[in-house]
Structures are given as C-alpha cells and as structure tokens.
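Input: a single structure, listed below in structure tokens.
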Amino acid sequence: MLALMQATAARALLARVPELDAAQLTALIEAAGGEPARALEARSARAVELPAAARSFLAAPDAAGLAADLDWLAASGATILLCTDAGCPPLLRQSPAAPAALYVLGQVAVLSSPQLAMVGSRSPTAAGRATAREFAAWFARAGLTVTSGLAAGIDAPSHEGALQAQGLTVAVCGTGLDRVQPPEHAPLAARIAVRGALVSEYPPRTVPQREHFVRRNRIIAGLALGTLVLEAARQSGSLFTARLAAEAGREVFAIPGSIHSPLSRGPHRLLRDGAKLVEAAADVLAELNIPLMNEGLTEAAPATEERPVLDKEYEMLLDALGFEPATADTLVARTGLPGESVASMLLILELDGRVAALPGGRYGRTP
C-alpha cells in the first residue's frame, strides 16, 4: 500500500511540473530507467534539458499542492495518464506538442477509441445546434467517439447527440477537472464521465483562463481522426483547431452555410483551403473509411415523424424565412402578410418546433 501511495504521489508531482511537454517527460523517465518515481531525483533531472520553470519546480516541489491533489484524486476517482503509459492514446502521442500528462475522469480506454472532433461557434443558430446534435448521434451509432470541448455553443449539443445515441463522447476541458466551465454544464459533464471521459492537462484548482481554452484545442485535434467544423466565424477558435488537425495530418471537414451568414465564413474559408465538404454524416464516415451500419446513415439526420401539412400562408412564410435568420419586419416585407398575422404565425411555428426565436428579434428555421 505504501509503495502504491508513493507511486501515485510521484505521478501527481510529474503531472504538475510546469511547461513540461511529452518529449521532455519521456526523456526524463527514460533517464530514470523507466521509473516515474526516480524521475524526480536530481540526477535524472540533470540528464535532461528542461524548461527553467520545470527545473525550479522539481528542485522544490509544492508539498501542500501535492497533498491537495492526492486528496482530490482519492475522492474523485480520477486517473493520471502519463505520456509514457501504455494507455496513452497513440494518436495524441503522435501529434505536435503532445501533453506530458492528462487527468481523466471516466473511462481511460475511450481515449484510444476512433474519434471525431466536432467544434464550432459559441453562439450558433438553432439550426446549427440541431445539426450538431443529429450528426453526433449518427457518428456515435457508427462507432465513432465524439470529441469536443464542453463549451457553450456547438460543443454541448455534440456531446448530447452522442449520449442520446447511447454512444461515447470525450470532453477536453480548459480547467482542472474539479470544476466545470461553464458551470451550467455540470449535469452534462457528469453524464460524459459515465459514458466517456472528461480530460484535462491542467491540475485541480486551475481556474478558467482564455489561453488554457486555446491551448486545449491541440488536444481535441490530436485525439481525433478528423475535425468537423459547424458554424464558425472567420477568426473563430474552431478554425485554429482545424488548422492544428491539419498540421497533425488529420482530416478536416466543414459544413457549408448561407453566404449571407457570418457563421458560414469560417467553414467556407476551410473549404477554400481544402477541407472536405460535408452535407451528410455519410460524407465523413466514407472519408474516414468507417462502414455504414445501416442505410439510414446515408442521410444527414435521422428520420422523424411526419408533421401535418401546413396551410399555404404558413408554407409561404417558411419559404420567405429561408435558411438564415430574419426579423418579423423582414418577413412582412417579403410576404406582404399583415404584421399581426406574421407575429401570430411565427409563434405557432415556434410552438410546433419549426422555427426558433433568436437574439435581436430574429427567427430561424430548425432542421
């Protein structure tokens, strides 16, 4: 038992070493004869070129921080996965700037399963959220693990779609795993820990910082066979994730949209740069050589119950709305219908799930 506690403490200390990457930790452990505990010894550290911050930490470890980490590991059941462990996902280990260690809540083995990253805007349209959820469900049914970042926007429905299909999903977090960001996603995070894994390179008690969320994108890209971008602005962080995926030699996919929508500019830019155009889940599965489980996977979304046929004026209103958001005043101008009629019709269509109210008094169609 004492030896186990000492081994766990050594791994916890190594996971906390600042500015340490996978190549450096691998060299450090190799210099210690393959034993993580001995990697903490001064002679092992002297044999490897390390960042100044890492060397300073190893010379004077934070005993109080280590004790708190060990308490959290015991209470949460989390696992520390070093880059030298047999269970370290091979795709991530092969990617540029691979992390030295990961904290994992959930099933470690899921990290080595075939994965597809799904990323996009933090402020997507209702149609974008529905598309993410439906595509994720199809990917999960085909045997792919859906990987995303647990953030607001496209991330959450991507995780939810995989879970609804009884599939696997991985959330790569930009904080310590003792907190959830955003906090309202705590129930979703708990479900992911049961049917997948929560992952972070940041130790417990690490608070949200913008640069951490940018940096964690390389892990999202590195874990996956490919990255699919849905609804992203031209300068979106999702495009950064896609670039990292391309640099790691992985596939990049993009779903196109309206030329009038700012959220289409990111995917369209990727398409111009050589990303694969996606109109249906089958497009991604074919490119990744994932066999279709059934004929239904050739469609972008699962079949739904047939809705009642709409009156002519409702059909005209939906046609005028098109596939990009518009205000009620715009729809009045396009259709010639009275304003009060358009307002009541939009309410009925919203209750029927055919349109969704959006910020700025706009309405958008749902798939």
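Points worth noting:
- Applying 0.36 nm per residue to the separation of Val207 and Gln94 and subtracting their alpha-carbon distance, the gain on full extension is 37.9 nm.
- FRET efficiency for Glu30 and Ala109, using Cβ-Cβ distance with R0 set to 35 Å, rounded to 0.05: 0.90
- Sorted by Cβ neighbour density within 10 Å, fewest at the top, the residues Cys173, Cys83: Cys83, Cys173
- Relative contact order of the chain, pairs being alpha-carbon contacts under 8 Å that are 6 or more residues apart, as %: 13 percent
- The calculated FRET efficiency for the pair Asp319 and Arg122, based on their C-beta separation and a Förster distance of 41 Å, comes to about 0.85.
- A straight line joining the Cα centroids of segment 4-63 and segment 217-295 runs 37 Å.
- Entry for the chain at q = 0.11, 0.15 Å⁻¹: log10 I(q)/I(0) = -0.78, -1.24, Debye formula applied to identical alpha-carbon scatterers, no solvent contribution.
- A Förster radius of 30 Å combined with the Cβ-Cβ distance from Glu247 to Leu347 puts the calculated FRET efficiency at roughly 0.05.
- Between the residues Ala67, Ile192, Gly237, the greatest Cα displacement towards the positive end of the dipole of the chain, with unit charges on the Cβ of Lys, Arg, Asp and Glu, is found for Ala67.
- 15 Å reach of a label modelled at Ala23, 7 Å along Cα-to-Cβ, counting backbone N of segment 243-272: 248
- Panel values: segment 2-76, Kirkwood radius from alpha carbon pairs, Stokes-Einstein at 4 °C and 1.567 mPa s, translational diffusion coefficient 103 µm²/s.
- Compared with the dominant Cα axis of the chain, that is its longest principal axis, helix 237-247 is turned about 60°.
- Computed on the Cα atoms alone, the convex hull of segment 113-298 gives a volume of 104 cubic angstrom per residue.
- 0 to 90° range, to nearest 10: angle between helix 126-141 axis and the chain longest Cα axis: 60 degrees
- Converting phi to 3J(HN,Hα) with the Karplus coefficients 6.51, -1.76 and 1.60 and the offset θ = phi - 60°, segment 191-208 yields 5, 5, 5, 7, 10, x, 7, 9, 10, 7, 8, 9, x, x, 6, 7, 7, x Hz in sequence order, with x at every glycine or proline.
Values quoted throughout were computed directly from the atomic coordinates according to the rules given, and no laboratory measurement underlies them. None of these values were measured; they are calculated from a predicted model. Positions of Cβ are backbone-derived with ideal geometry, glycine not excepted, and every protein chain shown enters the neighbour counts.
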